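Colleague: Structure provided below as structure tokens; questions to follow.
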Amino acid sequence: MKATVLVRLKSEVLDPQGDAVKRALVKLGFDGVRSVRVGKLIEIEMDGTPSPELEEKLGKMADEMLANPVIEDYEIEI
């Protein structure tokens, strides 16, 4: 079974890396870029089949290791 965890900064947290990417895109001539938010995509392959228990396990992984719940949100796709 394969799961994807998308981790990104919460909307109220400043994203200096996203700001740097935005400035670089504008400098390269990509007009109209108003905002960039940078995150990370984590793919996990696990034994088992999709289930509420497995989704709970993935949520625990994200809370304890994959994301910093103080400043980041995450989405899990199975």
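Colleague: For VAL38, list long-range residues whose amide hydrogen, built 1.01 Å from N in the peptide plane, is under 5 Å from its own amide hydrogen.
Modeller: GLY18
Colleague: Further, regarding this structure: So how tilted is helix 52-61 from the main axis of the chain? Cα-based, degrees 0 to 90, rounded to 10.
Modeller: For helix 52-61, the angle is close to 50 degrees.
Colleague: Between the alpha-carbon centers of the range 1-32 and the range 43-65, tell me the distance in whole angstrom.
Modeller: Centre-to-centre (Cα) distance: 25 Å.
Colleague: For helix 16-27, what angle does its Cα long axis make with the longest principal axis of the chain, in degrees from 0 to 90 and rounded to 10?
Modeller: The helix 16-27 is inclined about 50 degrees to the chain.
Colleague: Consider the candidate values (1) 31, 14, 8; (2) 18, 13, 11; (3) 30, 14, 8; state which one is semi-axes √(5λ) of the Cα gyration tensor in Å computed from the structure displayed.
Modeller: Only one option fits the structure, namely (1).
Colleague: Return the sequence-ordered ³J(HN,Hα) values of the range 62-76 in whole Hz as given by the Karplus equation 6.51 cos²θ - 1.76 cosθ + 1.60 applied to θ = phi - 60°, using x for Gly and Pro.
Modeller: Using θ = phi - 60°, the values come out as 5, 5, 8, 9, 7, 9, 9, x, 6, 10, 10, 10, 9, 10, 10 Hz.
Colleague: Follow-up question, since we're still on this one. May I ask you to give the percent of accessible area on the range 37-78 that is carbon plus sulfur, with a probe radius of 1.4 Å?
Modeller: Of the solvent-accessible surface of the range 37-78, carbon and sulfur hold 50 percent.
The values are calculated or read from the model by the stated rules, or taken from the named source; none is laboratory data. Note that the structure is predicted; figures quoted are calculated from it, not measured. Note: accessible area is taken over every heavy atom of the protein model, side chains too, but ligands, DNA and RNA are not part of it. Shrake-Rupley method; radii C 1.70, N 1.55, O 1.52, S 1.80 Å.
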